[in-house]
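The values are calculated or read from the model by the stated rules, or taken from the named source; none is laboratory data. Predicted model, so just to flag it, every value in this text is computed and none were measured. Backbone-built Cβ (ideal geometry, glycine too); neighbour counts: all protein chains shown.
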Amino acid sequence: TEWRATLFSSGYLAPGWPVEFGGGGLSELEQVIIAEEFARAGVPTGGHNDVFSIQMLGNTLLLFGTEEQKRHYLPRLLAGEDTWCQGYSEPNAGSDLSNVGLRAELDGDQWVLNGQKIWTSAGHLADHIFTLARTDPDAPKHKGISFLLVDMRQPGIEVRPIKMLSGESEFNEVFYTDAVVPKENVVGGVNNGWAVAMGLLGFERGAAASIAPIAFEAEFDRLLQLAKDRGVNNDPRIRQKLAWCYSKVQVMRYLGMRTLTKFLAGHHPGPDGAIFKLYWSEYHKIVTELGVDLLGMDAMVPTGRKPSSAFSTDDAGAPNDSMSWTMTFLNARAGTIYAGSSQVQRNIIGEMVLGLPKEPKPG
């Protein structure tokens, strides 16, 4: 889009990346200031695919990639030449991600992949996928996994869309049948994919902690306006629920400030990101449910425009339509599942943040 092109030419698509790779070379604090101003203005910080390509994969390559991988992929990510999706979950490897069964066997100078991924967001739109595959079936579960960069434009890959509750098909199944990957497309070293995957999930779970609360504040303002439009903003029961939502958003602001402080001290997102992910995803289910409650019967047959993002009711200044609230309500259900379910987040917090004993294994 024209807006994305403007961000790209100004270095604001990836303001923290080194200038040599097309970024802005800005500090962590400067990055947050830019993101906060964008959020307040209600404008996106990039295109729809940039969450996968820049925030997830790009930052992961900066941390784990070879110089050749950085120089080849990073400029292409910024220019939007490649579109990416994430290949983690499988039918038998969801919350237990280390149970990955997609096989990768080295044949000369390339890996040959066979198996399946599922719940792949935007898989029907992407031309590349970063995926976890088992490269050593004899190693312990966490030790025999590699992180591979795969070109999806080959006969050995089939994508099947999955229809969601909303009627759309954002998620997909991806089937690999003798798909090939150059051996140099392993990120972080062979059989070291678990460390790379956890690093990427850290970016996915925690990197937005200092920015997302601003978007939630804007969403709360839309909720308050919806209550006024429906004439129930003086109802004491509704006011109590609105006060609860407001207090949760303020808690998220302070969680974000704590994350920013760690960034400024030079720490990458770690297990602390699980706290924010758990908090915002559980909150978002409740706040969108309240929005649908306020709509009443209008939520049954929603009208108006669909939200520009699955993560908020819409951009600043957009109409407060029943369609945007209903679609966001449906999408919010998935927030407690993707990037690690709420149960997984609680385990991470207990074991890796609080230092509690590990959850006992069944049997």
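General observations
Quick grid of which residues meet (1) assigned to a loop (DSSP other than H, G, I, E, B); (2) outside the structural domain of GLY47 (by TED's automatic domain parsing); (3) at pLDDT 95 or above:
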{"site": "ALA104", "(1), (2), (3)": "no, yes, yes"}
{"site": "GLY115", "(1), (2), (3)": "no, yes, yes"}
{"site": "LEU125", "(1), (2), (3)": "yes, yes, no"}
{"site": "LEU132", "(1), (2), (3)": "no, yes, yes"}
{"site": "LYS141", "(1), (2), (3)": "yes, yes, no"}
{"site": "LEU148", "(1), (2), (3)": "no, yes, yes"}
{"site": "GLN154", "(1), (2), (3)": "yes, yes, yes"}
{"site": "GLU158", "(1), (2), (3)": "no, yes, yes"}
{"site": "PHE175", "(1), (2), (3)": "no, yes, yes"}
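- Residues within the stretch 265-291 that are hydrophobic (A, V, I, L, M, F, W, C), modelled with pLDDT of 90 or more and buried (at least 21 other Cβ atoms within 10 Å of the Cβ), tallied: 3
- Search result, residues across the stretch 35-44 that are surrounded by 18 or more Cβ atoms within 10 Å (Cβ to Cβ) and at pLDDT 80 or above: PHE38
- Residue, nearest to THR83 (Cα to Cα), within the stretch 145-178, restricted to residues that are touching a helix residue (DSSP H, G or I) at 6+ places or on another chain (Cβ under 8 Å) and of a type outside the set (A, V, I, L, M, F, W, C): SER146
- Looking at ALA104, ALA139, ALA122, just one residue is at negative phi and surrounded by 17 or more Cβ atoms within 10 Å (Cβ to Cβ), and that residue is ALA104.
- Of the residues PHE220, PHE276, the single one that is over 23 Å from ILE337 (Cβ atoms) and in contact with a helix residue (DSSP H, G or I) (Cβ under 7 Å, 6 or more places away or on another chain) is PHE220.
- Answer from GLY231, GLY266, GLY199, GLY256 - the residue that is of a type in the set (Gly, Ala, Ser), within 24 Å of THR45 (Cα to Cα), out of contact with any Lys or Arg (no Cβ under 7 Å at 6 or more places or on another chain) and not in a helix (DSSP H, G or I): GLY266
- Filter pass, ASP82 being closer than 18 Å to ARG153 by Cα, more than 16 Å from the chain's Cα centre (by Cα) and not β-branched (Val, Ile, Thr): yes
- Given (1) touching a helix residue (DSSP H, G or I) at 6+ places or on another chain (Cβ under 6 Å); (2) assigned by TED's automatic domain parsing to the domain that holds ILE118, index of the condition GLU90 fails: (1)
- Here ASP235 passes the criteria (1) out of contact with any Ser or Thr (no Cβ under 7 Å at 6 or more places or on another chain); (2) surrounded by 20 or more Cβ atoms within 10 Å (Cβ to Cβ); (3) over 17 Å from ALA39 (Cβ atoms); (4) at pLDDT 90 or above except the one numbered (2).
- Criterion (in contact with a Cys (Cβ under 8 Å, 6 or more places away or on another chain), in contact (Cβ under 8 Å) with a residue 24 or more places away in the chain and of a type in the set (Ser, Thr, Tyr)) met by exactly one of THR135, THR131, THR177, THR120: THR120
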